[in-house]
């Protein structure tokens with residue numbers, strides 16, 4: 001039987017960790033923490049997209065300025 005492993009942890013260990021987190025933060029605080037984490041991930045993805053578009057729009061360094069003006 002194959003065990004589910006998440007970073008070397010089995011099912012029982014994950015359940016114990018989840019119970020400890022629930023006891024430490026409480027049931028009301030956990031959704032707030034997850035919402036904040038989701039907003040952080042969204043902001044990171046938006047920043048990555050902005051950087052990708054900035055790099056694509058930036059003229060290449062090996063081109064002469066008159067070549068980029070014609071393009």
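Every number here is computed from the coordinates shown, using simple stated rules; none is lab data. Just so it is clear, the model here is predicted, and its values are computed rather than measured. Virtual Cβ from ideal backbone geometry, glycine too; neighbours counted across all protein chains shown.
Spacing of the modelled spin labels on residue 46 and residue 24, each 7 Å from Cα toward Cβ, amounts to 2.9 nm. As a calculated quantity, the FRET efficiency between residue 15 and residue 39 at R0 = 22 Å, using C-beta atoms, amounts to about 0.20.
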